Amino acid sequence: MSTLFLILFVFSHSLCVLQTQGLNSADEVNDSLTYLWPLPSEFTFGNKTLSVHPQLSLVVGGNGGNSSILRLGFDRYKAIIFKNSHGVSSFDRIRGRRLSYDVTKLKVVVHSDSEDLQLGVDESYTLFVLKKDGQSIVGEATIEANTVYGALRALETFSQLCTFDYGSKSVQVYRAPWYIRDSPRFAYRGLLLDTSRHYLPVDVIKQVIESMSYAKLNVLHWHVIDRESFPLEVPSYPKLWKGSYTKWERYTVEDAIEIVSFAKTRGINVMAEVDVPGHAESWGAGYPNLWPSTSCKEPLDVSKSSTFDVVSGILTDMRKIFPFELFHLGGDEVNTTCWSSTRHVKQWLEQHNMTTKDAYQYFVLKAQEIAISKNWTPVNWEETFNTFPTKLNPKTVVHNWLGPGVCPKAVAKGFRCIFSNQGVWYLDHLDVPWEDAYNAEPLEGIDDVSQQKLVLGGEVCMWGETADTSDVQQTIWPRAAAAAERLWSRREATSARNGNLTALPRLHYFRCLLNRRGVQAAPVTNLIARSPPIWSGSCYDQ
């Protein structure tokens, strides 16, 4: 891949470099900026305009060229690119006009035939968009990637290069030739979606997954159950379903499998969460014995072996649905007060010479053992690390959320970490502006290179107390895109310096791109996220 890039670079002409000027007005997009989101690692461009054939064809190569994921992806992006284009117009047909196009084929070379999607899968790619004029070594548009998932990321970039011109009624690529070599900065780029506080229909979850692919996010953290509701079917313990809000607000096993499959075709893993021992009151609607008592419904009863039988049964059934290597076991906000005030639990604690803190540790470690026995790597919220760091399984991935400074402590002790500082990346915090989300740095406070590698990446969290189908996308976007560029693009290319001149106009543009694709993304510069525009005006005037 690198050899091809260098050869093309040598033969390139009229190339420009990224400049840093702002958006002058809503009706005048500054062409000196590169309106690709997230910003690629390396790119050059020229000053030519190329037309793209409305019947753009796919040519494949490499061991993975025949992947169904690739072909589905091509068809999906072709529909996006040519949404406004209907081929040769009737007027041109009447005149007998024959149109010629600069780009008629998209060649995609995928070297590996593996479709295994796990943490750290190779998402790198190169993309070249050239005019076939006899001077170029490679004509038209070419994508080269090691895996089909890298090819998907390249298709997204290619789709953003393609713009519908209303004057000519054709799709054009401006500032060609383009030479892009790209790869993500972090392996884990996540979005948490909470379907316990408010139920989200399967189609809405799919819409969120689709929109994630536009920003190159690659992990959906599905916080499917919590104390408020238990909407997921568990065949081993069918009465758990009684914890759903209503019989219409549930997910079957088939629903979950469909969501995982849908996500995979977009290069997105689904990490499920079973939050124990707290956040589990809904479990007792079907199995009251899981509650310590009717007046103490949380945390789960630590004194009964049957409690862990249920945990094991849930994880056994979930392992058949979720192939991703990471599984989230929660462990946050555990108030153990009622354990010590419930007679049989208190007796059990005394018999085992345990404090409630010891019992909390016991429960978390036992749940980890169950998950590891099913070939999962456990992820836990940071309270587990804050409370008993020396006892956690070394495989544990610590998930930060309470504030800054946790990942530096975790990686210093050899743990891997996911960054989700609630002050900047909790999307339900509506007063957090886009620039705070954009300027957040997962590696802040970590200078040692070997420790930096232990930070898997980060995740924005869409907690659902005030978000349902009516407003979930407006709350996610566009602030999730700000974090997505931080997680994908090189740090030096996305520095805080001159962010209002360089990043903000591009984020305005990306928000409008999301809108054109049917994503209900709110204006960027709202005082309170997801609020509507305050008056009439262009999408780009936000």
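Descriptive notes on the structure:
- Rg/Rh ratio calculated on Cα atoms of region 447-542 (Kirkwood radius): 1.03
- What the Cα atoms of region 165-245 give is an Rg and a Dmax of 20.2, 61 Å.
- Solvent-accessible ranking of Leu58, Leu240, largest area first, probe 1.4 Å: Leu58, Leu240
- Beta bridges by DSSP in the chain, antiparallel share as percent, to the nearest 5: 40 percent
- When both region 433-459 and region 462-528 are represented by their alpha-carbon centers, they are found 18 Å apart.
- About the Cα centre, charge dipole magnitude for the chain (Lys/Arg +1, Asp/Glu -1 at Cβ), debye: 1320 debye
- Note on Asp541 and Ser57: with the Förster distance fixed at 30 Å, the Cβ-Cβ geometry gives a FRET efficiency of about 0.20.
- For the chain, relative contact order (Cα pairs under 8 Å, six or more residues apart, normalised by length) works out to 14 percent.
- Cα gyration tensor of region 42-182 - equivalent ellipsoid semi-axes, whole Å, descending: 28, 17, 13
- Accessible surface for region 400-542, divided over its residues, is 41 Å² per residue with a 1.4 Å probe.
- Relative contact order for region 422-482, counting Cα pairs under 8 Å that sit 6 or more residues apart, in percent: 50 percent
- Volume per residue of the C-alpha convex hull in the chain, rounded to whole Å³: 158 Å³
- Accessible-area composition of the chain, carbon plus sulfur, in percent [1.4 Å probe]: 50 percent
- Calculated [θ] (222 nm, deg cm²/dmol) that DSSP helices of n ≥ 4 give over the chain, each run adding -39,500 (n - 2.57): -9500 deg cm²/dmol
- Hz values of 3J(HN,Hα) by residue in region 456-468 - Karplus curve (6.51, -1.76, 1.60), Gly and Pro given as x: 5, x, x, 8, 8, 10, 9, 5, x, 4, 10, 9, 9
- When only alpha carbons are used to place a centre, region 337-380 and region 396-424 end up 23 Å from one another.
- Where region 333-396 is the region considered: accessible area per residue in Å², 1.4 Å probe: 51 Å²
- For the chain, the residue among Tyr77, Ile225, Leu402 whose Cα projects farthest onto the positive side of the dipole built from Cβ charges is Tyr77.
- For region 42-182: accessible area per residue (Å², 1.4 Å): 45 Å²
- Alpha-carbon Debye profile of region 179-329, log10 I(q)/I(0) at 0.14, 0.20 Å⁻¹: -0.67, -1.22
- Since only Leu99, Ala187, Thr525 are under comparison, the one whose Cα sits farthest along the positive direction of the charge dipole of the chain, derived from C-beta charges on Lys, Arg, Asp and Glu, is Leu99.
- Those chymotrypsin sites (Phe, Trp or Tyr not before Pro) in region 214-313 that DSSP places in a loop and that have at most 12 other beta carbons within 10 Å: Trp248
- Using a probe of 1.4 Å on the protein chains alone, the accessible area found for Lys264 is around 80 Å².
- Using θ = phi - 60° and Karplus 6.51 cos²θ - 1.76 cosθ + 1.60, couplings along region 378-391 (whole Hz; Gly, Pro as x): x, 10, 10, 4, 5, 4, 5, 5, 5, 8, 9, x, 6, 9
The values are calculated or read from the model by the stated rules, or taken from the named source; none is laboratory data. This is a predicted model, so every value here is computed, not measured. Glycine also receives a Cβ, built like all others from the backbone with ideal geometry; neighbour counts cover every protein chain displayed. To get the accessible areas, we keep the full protein, side chains included, count just its heavy atoms, and leave off ligands, DNA and RNA. Shrake-Rupley method; radii C 1.70, N 1.55, O 1.52, S 1.80 Å.
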